[in-house]
Amino acid sequence: MTKDNYKVIGVMSGTSLDGIDLVYATFLKAEGWTFKILESETIAYTPEWKERLRTLVHQSPAALSALDDAYTAYLAKVIKTFMERYEIRDADAICSHGHTALHQPDKGLTYQIGNRPSIATYVKTQVVCDFRVQDVALGGQGAPLVPIGDALLFSEYDFCLNLGGFANISLEVNGMRLAYDICPVNIVLNHYAKLLGHDYDDGGRVAASGTLNNALLDTLNQLAFYVQDPPKSLGLEWVNAKVMPLIEGFKLETKDVLRTFSEHVALQISKAIHKKADARVYITGGGVYNDFLITRIKAHTLNTIVIPDAAIVEFKEALIFGFLGVLKLRNEVNCLKSVTGASKDHSSGQLYSI
């Protein structure tokens with residue numbers, strides 16, 4: 001008999017390399033789904049791991065496999081430490097996204113490291129992971145996966161927008177959930193902040209001090225990805241191939257790059273949320289703390305911007321990966337063809353027992 005109350009740990013590592021997000025949460029199925037975050041924490045990457053993850057796309061298959069083993073062991077230790085710190089002994093499952101190494105769904109490729117079976121043995125808890133591979137095998141983009149959580153946990157909002165390494169959005173259209181990546185955000189902004197010796201542009205202050213370069217802005221806005229119809233998703237490879245060379249070609253001061261790229265992000269987001277008037281836009285992710293970026297988004301829309309409490313802002317993706325794991329344990333749909341373009345709705349993820 002399927003139960004209706006679950007305690008799980010959701011684990012997420014994003015492309016911005018902020019660290020590993022962990023959430024210990026309960027999910028209850030009654031009329032609909034409700035949740036409660038019990039504990040949450042972000043474990044920052046060491047400089048060594050940041051560098052290793054930053055150069056993933058340049059690794060040979062053999063080197064990537066070895067790195068996968070090492071990262072799985074590292075991730076398992078982080079999870080076990082989290083469980084010990086908060087005395088978590090009754091989790092139904094660890095539900096982990098892993099860390100994206102390759103994402104080229106048009107070539108039938110997606111690879112998240114940190115999803116080896118050894119992780120379950122080490123933490124002595126069953127693990128649900130590797131959520132993207134099945135969707136790509138079914139012809140989907142393998143991303144985004146969070147929208148099923150938006151649909152079942154945050155249905156009162158017209159748009160759910162996440163500002164992380166990339167901006168992604170989900171919405172309901174004619175009774176069908178749609179979602180897609182909008183544009184890069186922190187994956188670019190943090191890169192240029194690092195050139196100034198900062199991990200990120202705190203509050204967007206450097207960007208606010210820069211000068212908008214309209215020529216670069218126009219060129220960025222003309223990237224072919226922005227006129228493609230959903231489903232569509234972005235990866236680090238696309239940023240390295242299309243965005244970085246374009247920006248570098250203008251040879252601007254770093255503060256002006258940050259100012260211009262922030263405007264670019266705001267404009268692309270405003271285009272996405274103008275599909276419905278008088279809408280409520282629920283924004284989460286680290287980009288919420290970029291005050292200048294939020295100000296620019298608000299400047300380009302009349303819709304209501306809603307920013308939730310810090311736990312949801314910072315841990316919504318980890319929370320929803322925990323929820324994806326719950327749905328997998330119930331053998332219920334956790335991946336929507338309307339979102340990814342797969343041939344069918346399906347229950348995705350690999351299950352590893354102790």
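The values are calculated or read from the model by the stated rules, or taken from the named source; none is laboratory data. Please read these numbers as outputs of a predicted model, since none were measured by experiment. When we count neighbours, we look across all protein chains shown, and the Cβ atoms used for this are built from the backbone with ideal geometry, even at glycine. Ligands, DNA and RNA are stripped out before the accessible areas are found, and what is left, the full protein with its side chains, is counted by its heavy atoms. Shrake-Rupley method; radii C 1.70, N 1.55, O 1.52, S 1.80 Å.
Out of curiosity, is residue 268 farther than 22 Å from residue 199 by Cβ and without any contact (Cβ under 8 Å) to a residue 60 or more places away in the chain?
Considered against the rule, which asks whether it is farther than 22 Å from residue 199 by Cβ and without any contact (Cβ under 8 Å) to a residue 60 or more places away in the chain, residue 268 comes out as no.
Can you pull out every residue in region 301-327 that is aliphatic (A, V, I, L, M), within 17 Å of residue 157 (Cα to Cα) and more than 16 Å from the chain's Cα centre (by Cα)?
302, 305, 306, 307
Give the residue that is most open to solvent (accessible area, probe 1.4 Å), with candidates limited to residues of region 170-217 that are outside any strand (DSSP E or B) and basic (Lys, Arg).
205
Which ones in region 2-39 are among the polar types (S, T, N, Q), part of a strand (DSSP E or B) and open to solvent by 10 Å² or more (accessible area, probe 1.4 Å)?
5, 26, 34 - these are the residues of region 2-39 that are among the polar types (S, T, N, Q), part of a strand (DSSP E or B) and open to solvent by 10 Å² or more (accessible area, probe 1.4 Å).
Among the residues of region 146-169, count how many are aromatic (Phe, Trp, Tyr) and either open to solvent by 50 Å² or more (accessible area, probe 1.4 Å) or part of a strand (DSSP E or B) (or both).
2
In region 285-302, which residues are part of a loop (DSSP other than H, G, I, E, B) and without any contact (Cβ under 8 Å) to a residue 40 or more places away in the chain? Write out each step before concluding.
Step one: list which residues in region 285-302 are part of a loop (DSSP other than H, G, I, E, B), which gives 285, 290, 300-302.
Residues satisfying the conditions are 300, 301, 302.
Conditions (1) touching a His at 6+ places or on another chain (Cβ under 8 Å); (2) closer than 18 Å to residue 189 by Cβ; (3) of a type in the set (S, T, N, Q); (4) not in a helix (DSSP H, G or I), marked per residue:
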residue	(1), (2), (3), (4)
233	yes, no, yes, yes
237	yes, no, no, no
245	no, yes, no, no
252	no, yes, no, yes
257	no, yes, no, no
262	no, yes, yes, no
266	yes, yes, no, no
271	no, no, no, no
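Here are the criteria: (1) in contact with a Ser or Thr (Cβ under 9 Å, 6 or more places away or on another chain); (2) at pLDDT below 95; (3) open to solvent by less than 70 Å² (accessible area, probe 1.4 Å). Tell me which single one residue 334 does not satisfy.
Unmet for residue 334, out of (1) in contact with a Ser or Thr (Cβ under 9 Å, 6 or more places away or on another chain); (2) at pLDDT below 95; (3) open to solvent by less than 70 Å² (accessible area, probe 1.4 Å): (2).
Taking the options 262, 343, 338, 348, name whichever one is under 25 Å from residue 120 (Cα atoms), among the hydroxyl-bearing types (Ser, Thr, Tyr) and in contact (Cβ under 8 Å) with a residue 60 or more places away in the chain.
348 is the lone residue from the list that is under 25 Å from residue 120 (Cα atoms), among the hydroxyl-bearing types (Ser, Thr, Tyr) and in contact (Cβ under 8 Å) with a residue 60 or more places away in the chain.
Show the residue pairs that are 6+ apart or on different chains and have beta-carbon atoms under 6 Å apart, the first residue being within region 52-81 and hydroxyl-bearing (Ser, Thr, Tyr), the second being crowded, with 17+ Cβ neighbours inside 10 Å.
So the pair list comes out as 71/113; 71/114; 72/114; 72/116; 72/119.
Within 26 Å of the chain's Cα centre (by Cα) and open to solvent by 70 Å² or more (accessible area, probe 1.4 Å): which single residue out of 242, 251, 232 fits that description? Talk me through it step by step, then tell me what you get.
Details: 251 fails: within 26 Å of the chain's Cα centre (by Cα); 232 fails: open to solvent by 70 Å² or more (accessible area, probe 1.4 Å).
Exactly one residue qualifies, and that residue is 242.
Residue 350 is checked against (1) surrounded by fewer than 24 Cβ atoms within 10 Å (Cβ to Cβ); (2) closer than 18 Å to residue 161 by Cα and fails just one. What number does that condition carry?
Among (1) surrounded by fewer than 24 Cβ atoms within 10 Å (Cβ to Cβ); (2) closer than 18 Å to residue 161 by Cα, the lone unmet condition for residue 350 is (2).
Only one of 119, 37, 43, 79 is β-branched (Val, Ile, Thr), at pLDDT 90 or above and in contact with a Cys (Cβ under 8 Å, 6 or more places away or on another chain). Can you tell me which?
Checking each option against the conditions leaves just 119.
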